[in-house]
There are 2 protein chains.
Amino acid sequence: MNTDTVRLPEVIVREVGLRDGLQGLPVLPTQSKLAWLGLEAEAGVSAFEVTSFVPAHILPQFADAPDMIAQGHAVTHAELSALVLNAKGAQRALDAGVRSLVFVLSASETHSARNARTTPEAAVQVVQDLVAQVAGHPSRPRITGAIATAFGCTYEGRIPVERVQKLAEGLAQAGVDDISLGDTVGFAGPGHVRRLYGALRRQLGDGVVLGAHFHDTRGMGMANALAALDAGVTRFDASLGGLGGCPFAPGATGNIAMEDLCFLLDELGVHTGVDLEKLLHARHELARLLPDQTLHGALSRAGLPRTLAPAST
Amino acid sequence: MNTDTVRLPEVIVREVGLRDGLQGLPVLPTQSKLAWLGLEAEAGVSAFEVTSFVPAHILPQFADAPDMIAQGHAVTHAELSALVLNAKGAQRALDAGVRSLVFVLSASETHSARNARTTPEAAVQVVQDLVAQVAGHPSRPRITGAIATAFGCTYEGRIPVERVQKLAEGLAQAGVDDISLGDTVGFAGPGHVRRLYGALRRQLGDGVVLGAHFHDTRGMGMANALAALDAGVTRFDASLGGLGGCPFAPGATGNIAMEDLCFLLDELGVHTGVDLEKLLHARHELARLLPDQTLHGALSRAGLPRTLAPAST
């Protein structure tokens, strides 16, 4: 047995393309999704957001949500999470055997109203109810409180740090396992990242794991990841090939590319468990599964650097 | 008078596209180069590498090197530098009235031999002679010692920190004003950046200004800039639209995009003197001057973020 397989990652890299990336695309067959999952898990990625429990008539892409959970667990031991927006979705997810639940709310009131027809405060209350509901279950899932538009919002501009802190306080009181901040429309820069995560770390102490979901809309994705890592973030969302455009900025790239993120972390000596060559292979196969999509990311274009010692010529 | 125009930049952003970007392209008329220079200087960029003093039969693009210096100084008060590879080029540059000279050598012996037919140590000696030669002149130019392939080289792989330190020591002893490290083929990551600049800072103290020339070959450009800024680098090369491919990695992007770099620095609250909207305008005009070139960079694609306070709806 390779000892590397039992060394725990210092940072969890979390593939969100199966949910976030596919959300706006034509339905991909379940078997193709599972093939993607299997290849990327084989490369060492240790967490995946595999689906969303929303009504199938709204997002047909996720009509196979229960299958993705059940069959996904047969494919890999990696953490497989599902996104939910409300209590009803959470119950469906629990019924399907989800072991990791991401409840997403939005720091922007306008985005919250349009995306989930609720207020940020009401959404926090739902999370509190949800955590209380599952607290006694033997199979209590991991619960992530994800705060979308935590840095800014197309409707409202920059979101004040204090507003995010207030929502995070509510999520922490609810007892979530981790809190993830989403730069949903690509507003974040490393200065803002340091201030916001620094404030949360001081506020929450070490009891809550912090996660980051960055987009590369304005080229700041890797710098933001570096800043967040320095600020104590240990869970990073990304998607293979940067799949997942931002609906508010046509043509802009969306999620940071998983392979670029892993290259960054690898260069910094941060253990993620990922094998970069296998990850690039998975990306190559993903391009075959999604022939009509433009994938992003720099590492796959340039290839891994030659890191050999000076050649004897 | 706008007080901003007299506030000194905390960080010098230095446009290298007129030299580095144009080097591999068909000859651009001098007037077009000057138009680019004027627009970008108007946007607040305070330093430019405008040409290279190499024999015109080798690089016809720079046959107008003396004109770029003389006419460039009529266009802007910004720092205009010329790149030279040897003593002969340096003399031609001085004769043309250059006020800022960039002498480039390579940390890689193989790259040094192929690019400049010399050894790194011999090149340091030339810089020492050069600085001694101009020391007494009333119009002594600013002299930058630029170390190419400071992080890695396609021929030799990673370049040891100690080798760069030794060359930097020689340049500092020669009395250069600043030392710039070039990630010529896109090998650098923020960990390496921190180690190398940290070592140089400890070694050289505050007497030598440190500069960085990063490429975005593997998507690490902005993260590297952030790491270098933290390590005390105060001069950053970049090119508008990321112009300038890396000859060793076809299809890969070359220089980091000036507009993305300035967006990063602006977000961090670092004063550069650059007006981002004017800079994006200059980029738009550059695209018209170079209709056959693919420009890079994320900011121009997504646009500046809406940073207004929450709207009263």
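A few comments on the model shown:
- Per-residue Cβ neighbour rank within 10 angstrom, fewest leading, A:230, B:183, B:129, B:178: B:129, A:230, B:178, B:183
- Each other copy places its own label point for residue B:58 at 6.5 nm from this one, sorted shortest first, where the point lies 7 Å along the Cα-to-beta carbon line.
- For the residue pairs B:33/B:166; B:33/B:278; A:33/A:166; A:88/A:166; A:33/A:88, alpha carbon separations beyond 27 Å are given by B:33/B:166; A:33/A:166.
- Over the stretch B:88-239, the ratio between the Cα radius of gyration and 2.2 N^0.38 Å evaluates to 1.00.
- Using only Cα coordinates, the Kirkwood hydrodynamic radius of the stretch A:178-241 works out to 11.6 Å.
- Per-residue Cβ neighbour rank within 10 angstrom, fewest leading, A:264, A:34: A:34, A:264
- Max mean-square fluctuation residue, GNM over chain A, Cα-Cα springs under 10 Å, options A:172, A:74, A:90: A:74
- Within the protein assembly as shown, percent of DSSP bridges classed antiparallel, to nearest 5: 10
- When only alpha carbons are used to place a centre, the stretch A:258-285 and the stretch A:47-109 end up 25 Å from one another.
- Scaled against the 2.2 N^0.38 Å expected of a compact globular protein of N residues, the Cα radius of gyration of the stretch B:1-155 reads 1.07.
- For chain A, a Gaussian network of Cα nodes joined below 10 Å ranks A:81, A:239, A:300 by mean-square fluctuation, and the top entry is A:300.
- Taking the Kirkwood radius as Rh and the Cα radius of gyration as Rg, the stretch B:10-302 has a ratio of Rg/Rh equal to 0.93.
- Dipole magnitude of the protein assembly as shown, debye to nearest 20 (Cβ charges: Lys/Arg +1, Asp/Glu -1, about Cα centre): 120
- Taking all Cα pairs closer than 8 Å and separated by 6 or more residues, the relative contact order of the stretch B:10-302 comes to 19 percent.
- When chain A is treated as a Gaussian network with alpha carbon springs shorter than 10 Å, the biggest mean-square fluctuation among A:97, A:182, A:241 belongs to A:97.
- With the label put 7 angstrom out from Cα along the Cα-to-Cβ vector, residue A:125 ends up 8.1 nm from the copy partners, going from closest to farthest.
- Alpha carbon convex hull of the protein assembly as shown, projected area averaged over orientations, nm²: 29.5
- Amide H partners (placed H, <5 Å) of residue A:150, local residues excluded: A:107, A:182, A:184
- Just so you know, the averaged projected area of the alpha carbon convex hull for the stretch A:74-143 sits at 5.1 nm².
- Within 10 Å of each Cβ in A:261-269, the average number of Cβ atoms from other chains: 4
- Placing a label point 7 Å from Cα along the Cα-to-Cβ axis, residue B:201 is separated from the same position in the other copies by 1.7 nm, shortest listed first.
- When each of B:88, B:33 is scored by the number of other beta-carbon atoms lying within 10 Å, the sequence from fewest to most is B:88, B:33.
- Shielding of peptide B:154-162 by partners, expressed as the average count of other chain Cβ atoms within 10 Å per residue Cβ, is 3.
- For the segment B:211-223, counting C-beta atoms of other chains within 10 Å of every residue's C-beta and taking the mean gives 6.
- Closest approach of a chain A beta carbon to the axis mapping chain A onto chain B (residue, whole Å): A:223, 2.
Values quoted throughout were computed directly from the atomic coordinates according to the rules given, and no laboratory measurement underlies them. Everything quoted here is computed from the prediction, not taken from an experiment. Note: ideal-geometry Cβ built from the backbone for every residue, glycine included; neighbour counts use all protein chains shown.
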